[in-house]
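The values are calculated or read from the model by the stated rules, or taken from the named source; none is laboratory data. These figures come from a predicted structure and were not determined experimentally. Cβ: placed from backbone, ideal geometry, glycine included. Neighbour counts: every protein chain shown.
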Amino acid sequence: MSVTQYAGLVDTDPRHFLPKNKFYAKATRGELTEEHLRRLVAAKFQALEAEVAGHGMLVVRHRDPAPAKLFAFTVYWLARSGERLLEAARALGLTEEELAQTAPDPSIQPWYDFLASVGLHAGPAEAALMIRTDFLTWSALCGALSDALRESKIPDEVRDYLDAERDVPGEILDEALRVVEYGVSHGEDKERIARSARRVLSAQEAAWEHASET
């Protein structure tokens, strides 16, 4: 099976998952409030902490240049994203201290557990395909949200954050496929390569549902 065939095992077409997203549905109906946005920002802030830790563990576990380059760049990109997220949080009246001290809601614990599991157990190809899928689906949702909220009165910092997240860096898209190829060539179990990528949307779903509640 080719690298592109592995990528094709995971559905990242926004036409298939956007209609099922409750947060996006509220945005299209003009029902999102600043409280919804605060819940989204808080959930993403906590998810970022788990992502940085999990991907940092991947750097430690897979130190060959090919996978380490991808996982280290992903940590760097997430840290930059976190800076923009904090600006959005402050515009919504949230402080970094409040975000850091807030315990994750039990409803989104499965997302954190999923990220930790990938960091601790995934092979390089499995982790790379998961990262690629995560970025593609997240960027599509952020872009769609930004478009849906174009006429809404939301803080500029929130809109800037969503717009910045709508583009996936080429270093991640391209390098992820190279790492999938690396994993296959180094004997990674082919049956497991798409395992985590297939769980991305279902793992994210609880976080989106949590943010859509009031």
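Values as computed for the structure displayed
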| quantity | calculated |
| --- | --- |
| Residue among E188, E151 that is surrounded by 15 or more Cβ atoms within 10 Å (Cβ to Cβ), more than 18 Å from the chain's Cα centre (by Cα) and in a loop (DSSP other than H, G, I, E, B) | E188 |
| Filter result for G93 (out of contact with any Ser or Thr (no Cβ under 9 Å at 6 or more places or on another chain) and surrounded by fewer than 16 Cβ atoms within 10 Å (Cβ to Cβ)) | yes |
| Residue ID - farthest from I131 (Cα to Cα), chosen from residues in segment 166-214 that are β-branched (V, I, T) and in contact with a Ser or Thr (Cβ under 6 Å, 6 or more places away or on another chain) | V168 |
| Scope segment 100-148; condition in contact with a His (Cβ under 6 Å, 6 or more places away or on another chain), surrounded by fewer than 21 Cβ atoms within 10 Å (Cβ to Cβ) and under 24 Å from H16 (Cα atoms); matching residues | S107 |
| Residue among D163, D167, D174 that is more than 17 Å from A207 (Cα to Cα) and modelled with pLDDT of 95 or more | D163 |
| Candidates A103, A53, A66, filtered to the one that is more than 18 Å from the chain's Cα centre (by Cα), modelled with pLDDT of 90 or more and hydrophobic (A, V, I, L, M, F, W, C) | A66 |
| Residue pairs meeting the criteria (Cβ under 6 Å; at least 6 apart or on separate chains; first touching a residue at least 60 places away in the same chain (Cβ under 8 Å), in segment 198-209; second charged (D, E, K, R) and surrounded by 19 or more Cβ atoms within 10 Å (Cβ to Cβ)) | V200/D134 |
| Among (1) at pLDDT 90 or above; (2) of a type in the set (D, E); (3) part of a helix (DSSP H, G or I), the one test that E31 misses | (3) |
| Subset of segment 192-214 (residues that are assigned to a helix (DSSP H, G or I) and among the small types (G, A, S)) | A197, S202, A203, A206, A207, A211, S212 |
| Residue in segment 138-148 that is within 27 Å of V60 (Cβ to Cβ) and either under 16 Å from the mean Cα position of the chain (by Cα) or assigned to a helix (DSSP H, G or I) (or both) present | yes |
| Among the residues listed as K26, K69, the single one being surrounded by fewer than 17 Cβ atoms within 10 Å (Cβ to Cβ) and either touching a helix residue (DSSP H, G or I) at 6+ places or on another chain (Cβ under 6 Å) or in contact (Cβ under 8 Å) with a residue 12 or more places away in the chain (or both) | K69 |
| Top-ranked residue of segment 158-180 - restricted to ones that are buried (at least 17 other Cβ atoms within 10 Å of the Cβ) and among the acidic types (D, E), ranked as farthest from the chain's Cα centre (by Cα) | E175 |
| Candidates S139, S117, filtered to the one that is in contact with a Lys or Arg (Cβ under 6 Å, 6 or more places away or on another chain) and over 17 Å from T4 (Cα atoms) | S139 |
| Qualifying positions in segment 154-179 - among the β-branched types (V, I, T), assigned to a helix (DSSP H, G or I) and closer than 16 Å to L40 by Cα | V158 |
